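The block underneath contains the structure these notes are about, expressed in structure tokens.
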Amino acid sequence: MCGIFATFRHEDVQAFKPRALQLSKRIRHRGPDWSGNIIKNSTIMAHERLAIVGLDSGAQPITSPCGDYILSVNGEIYNHIQLREECPEYQYKSLSDCEPIIPMYLKYDLDAPKHLDGMFAWCLYDAKKDRIVAARDPIGITTLYMGRSSMCPKTVFFASELKCLTDDCDNIIAFPPGHVYDSETDKITRYYTPNWLDETKIPSTPVDLKQIRHTLEKAVRKRLMAEVPYGVLLSGGLDSSLIAAIAARETEKANKELDPRKYDEQEEAEGHHLAGIDDEGNLLSATWSRLHSFAIGLPGAPDLVAARKVAKFIGSIHHEHTFTLQEGLDALDDVIYHLETYDVTTIRASTPMFLLSRKIKAQGVKMVLSGEGSDEIFGGYLYFAQAPSAAEFHTESVKRVKNLHLSDCLRANKSTMAWGLEARVPFLDKEFLDLCMNIDPKDKLINQKEGRIEKYILRKAFDTCDEPDVKPYLPEEILWRQKEQFSDGVGYSWIDGLKDTAETVISDEMFAAPKAHWGIDVPTTKEAFWYRLKFDALFPQPTAAETVMRWIPKADWGCAEDPSGRFAKIHEQHVEDA
């Protein structure tokens, strides 16, 4: 993962270059390893690199051998080896997983993104046609913004983060996931068109539990592509625990396949970094010989206790970090600056993730796996228990997946990239999505009376009690642990502390006088009011707020307005039953 900045058809690009480099510098936290830039015609492309794959030869922007095509990418392309094989005639200059995007463009033009398996945001400049093409991955795991200026109407700006555009653009949008922009038509069109994207079409395919398991394992396996040490974020909840369990197995398997010349038993015992090579000489992964897991919470938080159990069970080298309420409060301005949002749910959950990411980077890790996406796919948020029907359950699930780029994907990407740490999310693998979003929603419904808790089919897919030859993935109490949203699981006093502080900071008089430019998007709580004021101070430009979406449960299902899982009726019932 990296940071990109591009300006297309600037009226005086040479004079603008110093300014462009300063704007690109604003996202150097995303790519602390190297910086690059190229000017061609009236276009400048800048890149801040975080080296994960192709360490020695993956510098960007990437140019074609003829020099006519220039590419700047933020992301990872997991099927890059297959893409190279598909275009063997192209003269590759590096081992970068991103370079095959150029021959894909030459072969498929605007359909090139359809052939990529990964998370990405990229701009490709075609100097022959004086044309720029930009694309974002299907779900929006990787952030991308597009801006224009009324002072320079022919100029188009692209950047990984909002902060690069706010001073020069008076029209900014969050580039939509699964879309591609073509300067020849000046249009953004959708390239990602799976059948489940239409939320009115209710699927009827019965669940195949083993297929769920095998497809998720495959998704984790491909995301271990790295030449640097990696780890897993482990909250102790179902989603992160499953990803950690699979990653631990895959890491162990890869190390067993190591070339003997690269293998050292003493290094294995100490959990040091090793490089795996398969029979054909290809890099399997680069990691410690045992998986490292990372958790954070307030002292005594339920997530910390659960994560400890999981780490012991899967055999990971576990790193447990705590933070205080005051440390979290002190980080809020930085969190909002990096996250570029005023959404309550996102800020609550991002703060612990932001603090943990700094600790992880300090321990020498540059890539982690994370569990985002599962709750949207399987209707795992506790308020889904109040869905009136299977059809409405599915419709809400699709809407949540389609909005991930404005909530959990944004949080995972920006909380980690604030410290030059890359987060990969196996649950949002295209193949896994196509499988699970086409399951009959009746199989996903929550029904406590029948013992079907949230994400029942995902849990059941990894429940191997009836398979004596299969080693259990997780302890039973973790596999069947009720959902705790991350901002709750790090310690209930975290959210309570935020609310209490907001009550002291925002007076009744302030709360009764919302800003006129907020329009109808007026905060309904003092906590939300507080965050909006902080956001406005950092991003005063009117269009900046238009890139933000507030995450709230469905009011017409009778859900509480507060997004915390603790306010869901099913959580209250669970506590009473316990």
Residue list for segment 137-169, filter: in a loop (DSSP other than H, G, I, E, B), within 18 Å of Gly75 (Cα to Cα) and either in the same structural domain as Thr341 (by TED's automatic domain parsing) or of a type outside the set (Asp, Glu) (or both): Pro138, Ile139, Gly140, Ile141, Thr142, Thr143, Leu144, Ser160
Flag for Trp530 being assigned to a loop (DSSP other than H, G, I, E, B), in the same structural domain as Leu332 (by TED's automatic domain parsing) and either modelled with pLDDT of 80 or more or within 20 Å of Tyr145 (Cβ to Cβ) (or both): no
Qualifying residue in segment 444-459 (condition: small (Gly, Ala, Ser) and in contact with a helix residue (DSSP H, G or I) (Cβ under 8 Å, 6 or more places away or on another chain)): no
So Glu376, is it of a type in the set (Asp, Glu) and over 19 Å from Val344 (Cα atoms): no
Segment 170-201, residues that are surrounded by 17 or more Cβ atoms within 10 Å (Cβ to Cβ) and either among the β-branched types (Val, Ile, Thr) or not in a loop (DSSP other than H, G, I, E, B) (or both): Ile172, Ala174, His179, Val180, Tyr181, Trp196
Failed item in (1) among the hydrophobic types (A, V, I, L, M, F, W, C); (2) modelled with pLDDT of 95 or more; (3) within 24 Å of Val305 (Cβ to Cβ), with Val490 passing the rest: (2)
Segment 156-167: number of residues that are surrounded by fewer than 21 Cβ atoms within 10 Å (Cβ to Cβ) and over 19 Å from the mean Cα position of the chain (by Cα): 1
Residue satisfying condition, being modelled with pLDDT under 95 and either β-branched (Val, Ile, Thr) or more than 30 Å from Val53 (Cβ to Cβ) (or both), within set Leu298, Leu283, Leu332: Leu298
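Sort out which residues of segment 124-136 are assigned to a strand (DSSP E or B) and acidic (Asp, Glu), and write them in order of number.
Asp126
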Residue within segment 498-520 that is in a helix (DSSP H, G or I), at pLDDT below 95 and within 30 Å of Gly371 (Cα to Cα) present: no
Segment 453-464 - residue that is aliphatic (A, V, I, L, M) and part of a helix (DSSP H, G or I) and, of those, nearest to Glu392 (Cα to Cα): Ile457
Residues of segment 77-96 satisfying the condition of being closer than 21 Å to Thr143 by Cβ and modelled with pLDDT under 95: Ser96
Residue count for segment 361-377, restricted to those that are surrounded by fewer than 24 Cβ atoms within 10 Å (Cβ to Cβ) and at positive phi: 1
Residues of segment 115-155 satisfying the condition of being surrounded by 24 or more Cβ atoms within 10 Å (Cβ to Cβ) and either of a type in the set (Lys, Arg) or without any contact (Cβ under 8 Å) to a residue 24 or more places away in the chain (or both): Arg136
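The values are calculated or read from the model by the stated rules, or taken from the named source; none is laboratory data. Note that the structure is predicted; figures quoted are calculated from it, not measured. Methodologically, a virtual Cβ is constructed for each residue, glycine included, from the backbone with ideal geometry; neighbour enumeration extends over all protein chains shown.
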